[in-house]
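What follows is one structure encoded as structure tokens, with my remarks underneath.
The values are calculated or read from the model by the stated rules, or taken from the named source; none is laboratory data. Source: prediction; values computed, not measured. We place every Cβ from the backbone using ideal geometry, glycine too, and count neighbours over all the protein chains shown.
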Amino acid sequence: MAAGGGVKLSLGELAEHIGAELRGDGDRMVERLASLPRAVAGEVSFLSSARYRMHLAATRASAVILAPRFSHVCPVDALMMENPYLGYARAAAALNPQPQRAGGTHPTAWVSEEARVHASAWVGPQAVVEGGASVAAGVFVGPGCTVGAGVSVGEGCRLVANVTLCHGVRLGRRVQVHPGAVIGADGFGLAEDQGRWVKILQLGAVDIGDDVEIGANTTVDRGALENTIIECGVKLDNQVQVGHNCKIGAHTAIAGATGIAGSVSIGKRCRIGGGVGINGHIEIADDVHITGRSVVAQSISQPGVYSSGVPLQETRAWRRNYLRFCRLDELARRLGRLEKNST
Amino acid sequence: MAAGGGVKLSLGELAEHIGAELRGDGDRMVERLASLPRAVAGEVSFLSSARYRMHLAATRASAVILAPRFSHVCPVDALMMENPYLGYARAAAALNPQPQRAGGTHPTAWVSEEARVHASAWVGPQAVVEGGASVAAGVFVGPGCTVGAGVSVGEGCRLVANVTLCHGVRLGRRVQVHPGAVIGADGFGLAEDQGRWVKILQLGAVDIGDDVEIGANTTVDRGALENTIIECGVKLDNQVQVGHNCKIGAHTAIAGATGIAGSVSIGKRCRIGGGVGINGHIEIADDVHITGRSVVAQSISQPGVYSSGVPLQETRAWRRNYLRFCRLDELARRLGRLEKNST
Amino acid sequence: MAAGGGVKLSLGELAEHIGAELRGDGDRMVERLASLPRAVAGEVSFLSSARYRMHLAATRASAVILAPRFSHVCPVDALMMENPYLGYARAAAALNPQPQRAGGTHPTAWVSEEARVHASAWVGPQAVVEGGASVAAGVFVGPGCTVGAGVSVGEGCRLVANVTLCHGVRLGRRVQVHPGAVIGADGFGLAEDQGRWVKILQLGAVDIGDDVEIGANTTVDRGALENTIIECGVKLDNQVQVGHNCKIGAHTAIAGATGIAGSVSIGKRCRIGGGVGINGHIEIADDVHITGRSVVAQSISQPGVYSSGVPLQETRAWRRNYLRFCRLDELARRLGRLEKNST
């Protein structure tokens, strides 16, 4: 079973397209991608991790994208490059060109007369574009999306479906936003007044750079006074929460279900695993990796790999250790006393 | 105060319907369900846990569904069965038959001419059904739902409202999807290229079996090459995230806010608590129970109950233990040295 | 760069409005708010934490809202009050009056003939109001919102966009609901029947008090038999999950991505951090504070501040401690034996 397959390419064309060196028949035609164990003739596969090497010998793919050091054990044509996973990404794009929809507005959409929508942009069924919004060339506004008042959507953006862009949000070029994402909802700003909460109007907006991708049901709050900022090339997975006045540095990737409180500053090229929690006002340096489900309660000033958490165990065993944690400090003190007495 | 109440049934009819043995007046009419302390005449209650037994003596319900071993302390008519909670579920269904809406398309919906919608299916206000989609008999497409291109929705499915089914997704029969759920958004697939991310097209789809239920704002990503698979009878609560190429085995139930990274395989009949995190490429056997907020960083090959985490304490006490954790390994080594010296 | 700025006020007017004592020129006009380092002439700033005191000396704001004890180091006009953060909230509201939209129904909305919508309420583009719903005076139903059958929306509520209110939900007055929120989806109620799940109909509703705010993509489930209850003044951030039959006490605030299982009772004036997990059937007293990412597995009967979790470390160091946790109980027993032998 293989996916996609819009066009056929020769291995020679594909090698050139993905930047690989071909060892094999440059005229052989391929049209789909598949994993090593499932690929059949006419399909290209890839080996991006030594972990899957055992599948190489028996593959029936027409060709395999792999690192040069594995080419001698490749039983079929080889597309050799140092980063085969990148080769896979490029091959997927080459074999599956995404159709560009002609511009226009669906009859069931509503576009304010005070909005500017480029002739090459598409506004899909049941979508809304409010007054003062600007939608640039080649933009795709999918079904049910809401583009709020004064929003700016840059060239080539793609709002897949049921996306909400609140008033005044700015998207750069080629930003992709997946269904259910909400950009620019009010931040969680409250002042206490004698046991009651007074709402703090959220007067900033959200500023999103070029080539950002935002996952399904992810939320990015507008700033309180200044803007929340997502720099170029940032990738947010599904169900990520970004609080007001956060700044996320260029080319940082954040996996699903991570929650980031307000006024957090994250550096460039960081990699943050799924389900991570980051407290408010934290600063994280460039090139920091944080493993999944970690909790960040203090700023991180040095690049590196960081983790927190305790292991999963059978519940019966875990419960004993769990209860001991409540007395860990006491246990350390008892050990200190013993050490003192034994010297 | 009691809920629902569409029809009246005699206790005899109800006993037969839920599979209970009646001790009492088979002609007594009941029409609603209520909890033990709140029920009044005309209402049925249930005792599903010994924890609530103290409410039994004073109940004013007309009848109580309970295990035979409690029937001797039941002051009113008793509907006896080994699994009273199942009896409650069946009684709720019997007393509250869900109306079936007549087929048709609301005037404000948009259904592509290239979609096939069965005459008995309902497409509600502001909904969208795109080209190539197929909507089977008895389906309910609620307000604001989007059924993408080529989607297949099986007989008797119910999309409550504002559900997004992305292109090519397949739903079996009687699948229920709650508002805000997004099925088939792109998985989080990225290849690195000199500090920038290159998107990997997500060419697979999502394949959902019969009798699955998917909670509000839950997200299930489409596969990269092959499909993400949710087998029959799986129940996902709200705000669950299921990454690309996961496979969730039949009759597994997953509580709210659980995050599952990509390519995770979960067995059949598992029970996974709320807020659990599961790392990518993990395999979990059949019949595994994982308690709430656990983190699964390694595969689980044996059925059983698993947990992780540390206890909640007053912050002052907790902070001391928290800091000790940073030196737990050192503490263990110090203990080892003491033991060595003391022998 | 400053935000908002709808009206100009004199410092005298502003002082009166926010309840501050003015030291300076009561006739000076201001029109915007900005942070201390960014404010320029015509703007008001505030000092709400000693942490930002270093920005005070160089500020170019026209006036600063601050506590009286800092007024002697304020180089510009001072608006003195004990709670400057509250002053900021009030000043933001005073300088940015929110326009009230005239009542009416957008031509692309659909309002059932069996719904009652007050003449002063606005129903926006692509919105849906179903039969039996009642929408009170001054309500704003934003684009793409769904107001289900029999829903009651109180005076002055604001549903920003793409909000889903399921059938029978009741909102008090001045409730704000942000995009993607789902109120009243089915709770996660399942009874087991020989390895399969039987759905328990969720027959209760959701009852929301006055002045509640509900964040983007937050979900509040309807009750199984009785209602889920959110009392007056509760503030829920984004992506919070509230299970069926929870009761959240008045003026409690809950930060983003917190997950609350079913039948949890939370007291009044609690503050619950982001990403917290609360197990089912827990009871939490009034005035409890829980820090971010804590897990609550037992009821809390006393007011106070509570936490759980372990620190973030460099992964290499963390892994050693992580593994030791599996033997923490054994370690404590070994220590006990040593202590016994050493006496």
If I filter segment B:47-56 for residues that are within 14 Å of chain C (Cβ to nearest Cβ), modelled with pLDDT under 95, over 19 Å from B:ALA94 (Cα atoms) and part of a loop (DSSP other than H, G, I, E, B), do I get at least one hit?
yes
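Tally time: how many residues in segment C:145-159 are at the interface with another protein chain (Cβ under 10 Å from one of its Cβ atoms), part of a strand (DSSP E or B) and either in contact with a Cys (Cβ under 7 Å, 6 or more places away or on another chain) or surrounded by fewer than 24 Cβ atoms within 10 Å (Cβ to Cβ) (or both)?
Step one: filter segment C:145-159 for residues at the interface with another protein chain (Cβ under 10 Å from one of its Cβ atoms), giving C:145-148.
Checking the rest, the ones that are also part of a strand (DSSP E or B) come to C:146-147.
The next check asks that each one be either in contact with a Cys (Cβ under 7 Å, 6 or more places away or on another chain) or surrounded by fewer than 24 Cβ atoms within 10 Å (Cβ to Cβ) (or both); those that pass are none.
Within segment C:145-159, residues that are at the interface with another protein chain (Cβ under 10 Å from one of its Cβ atoms), part of a strand (DSSP E or B) and either in contact with a Cys (Cβ under 7 Å, 6 or more places away or on another chain) or surrounded by fewer than 24 Cβ atoms within 10 Å (Cβ to Cβ) (or both) number 0.
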Considering only segment C:328-337, how many residues are within 10 Å of chain B (Cβ to nearest Cβ) and surrounded by fewer than 16 Cβ atoms within 10 Å (Cβ to Cβ)?
2
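Does C:THR59 satisfy the criteria of being outside the structural domain of C:ASP210 (by TED's automatic domain parsing), in a loop (DSSP other than H, G, I, E, B) and β-branched (Val, Ile, Thr)? Lay out the reasoning, then the answer.
On the way: outside the structural domain of C:ASP210 (by TED's automatic domain parsing): yes; in a loop (DSSP other than H, G, I, E, B): yes; β-branched (Val, Ile, Thr): yes.
The answer is yes for C:THR59.
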Take A:ALA224 and decide whether it is touching a Ser or Thr at 6+ places or on another chain (Cβ under 7 Å) and surrounded by 24 or more Cβ atoms within 10 Å (Cβ to Cβ).
no
C:LEU190 fails exactly one of (1) without any contact (Cβ under 8 Å) to a residue 24 or more places away in the chain; (2) closer than 25 Å to A:PRO179 by Cβ; (3) within 7 Å of chain B (Cβ to nearest Cβ), namely (2)
Restricting to segment C:264-286, name every residue that is assigned to a strand (DSSP E or B) and more than 10 Å from chain A (Cβ to nearest Cβ).
C:SER265, C:ILE266, C:ILE272, C:GLY277, C:ILE278, C:GLU283, C:ILE284
Is it the case, given these coordinates, that A:ILE229 is of a type in the set (A, V, I, L, M), modelled with pLDDT of 95 or more and under 24 Å from B:ASN238 (Cα atoms)?
no
Can you name the residue in segment C:297-327 that is assigned to a helix (DSSP H, G or I) and hydroxyl-bearing (Ser, Thr, Tyr) and is also surrounded by the fewest Cβ atoms within 10 Å (Cβ to Cβ) among such residues?
C:THR315
Please enumerate the residues belonging to segment B:309-323 that are closer than 16 Å to C:SER294 by Cβ and more than 7 Å from chain A (Cβ to nearest Cβ).
B:LEU312, B:GLU314, B:THR315, B:ARG316, B:ALA317, B:TRP318, B:ARG319, B:TYR322
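Each row is one residue, and each column tells you yes or no for (1) more than 24 Å from the chain's Cα centre (by Cα); (2) part of a loop (DSSP other than H, G, I, E, B); (3) over 30 Å from B:CYS157 (Cβ atoms).
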position: B:VAL7; (1), (2), (3): yes, yes, no
position: B:LEU14; (1), (2), (3): yes, no, no
position: B:VAL40; (1), (2), (3): yes, yes, yes
position: B:LEU86; (1), (2), (3): no, no, no
position: B:ALA102; (1), (2), (3): yes, yes, no
Say whether the condition of being out of contact with any Ser or Thr (no Cβ under 9 Å at 6 or more places or on another chain) and over 19 Å from C:ALA224 (Cβ atoms) is met by at least one residue in segment B:41-53.
yes
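Given the criterion within 14 Å of C:TYR88 (Cα to Cα), modelled with pLDDT of 95 or more and not polar (S, T, N, Q), identify the matching residue among C:ALA3, C:ALA63, C:ALA41.
Details: C:ALA3 fails: modelled with pLDDT of 95 or more; C:ALA41 fails: within 14 Å of C:TYR88 (Cα to Cα).
Residue meeting the stated conditions: C:ALA63.
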What pairs can you find where one residue is in segment B:73-88 and within 21 Å of C:ASP193 (Cβ to Cβ) and free of Cβ contacts under 8 Å to residues at least 60 places away in the same chain, the other is polar (S, T, N, Q) and not in a loop (DSSP other than H, G, I, E, B), and their Cβ atoms are less than 6 Å apart, with a gap of 6+ or different chains?
B:ALA78/B:SER71
Restricting to segment A:212-232, name every residue that is touching an Asp or Glu at 6+ places or on another chain (Cβ under 9 Å), at the interface with chain B (Cβ under 10 Å from one of its Cβ atoms) and either of a type in the set (Gly, Ala, Ser) or free of Cβ contacts under 8 Å to residues at least 40 places away in the same chain (or both).
A:GLU213, A:GLY215, A:ALA216
Note: among C:ALA91, C:ALA133, C:ALA115, C:ALA102, just one is within 10 Å of another protein chain (Cβ to nearest Cβ) and either crowded, with 21+ Cβ neighbours inside 10 Å or more than 28 Å from C:HIS251 (Cβ to Cβ) (or both), namely C:ALA91
Does B:LEU56 fit the bill of being aliphatic (A, V, I, L, M) and touching a Lys or Arg at 6+ places or on another chain (Cβ under 6 Å)?
no
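Among B:ALA253, B:ALA261, which is within 9 Å of chain C (Cβ to nearest Cβ) and of a type outside the set (Asp, Glu)?
Working: B:ALA261 fails: within 9 Å of chain C (Cβ to nearest Cβ).
Of the residues listed, the single one that is within 9 Å of chain C (Cβ to nearest Cβ) and of a type outside the set (Asp, Glu) is B:ALA253.
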Return the total of residues in segment B:160-185 being free of Cβ contacts under 8 Å to residues at least 60 places away in the same chain and assigned to a loop (DSSP other than H, G, I, E, B).
14
Which residues, taken from segment C:167-187, are within 7 Å of chain B (Cβ to nearest Cβ) and either of a type in the set (Gly, Ala, Ser) or within 23 Å of C:GLY249 (Cβ to Cβ) (or both)?
C:GLY180, C:VAL182, C:ALA185
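Can you tell me which residue among A:LEU22, A:LEU56, A:LEU36 is free of Cβ contacts under 8 Å to residues at least 24 places away in the same chain, surrounded by 15 or more Cβ atoms within 10 Å (Cβ to Cβ) and closer than 13 Å to A:CYS74 by Cβ?
Values: A:LEU22 fails: free of Cβ contacts under 8 Å to residues at least 24 places away in the same chain; A:LEU36 fails: free of Cβ contacts under 8 Å to residues at least 24 places away in the same chain.
Answer to the selection: A:LEU56.
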Would segment C:287-308 turn up any residue that is facing another protein chain (nearest Cβ under 7 Å) and either touching a residue at least 60 places away in the same chain (Cβ under 8 Å) or among the acidic types (Asp, Glu) (or both)?
no
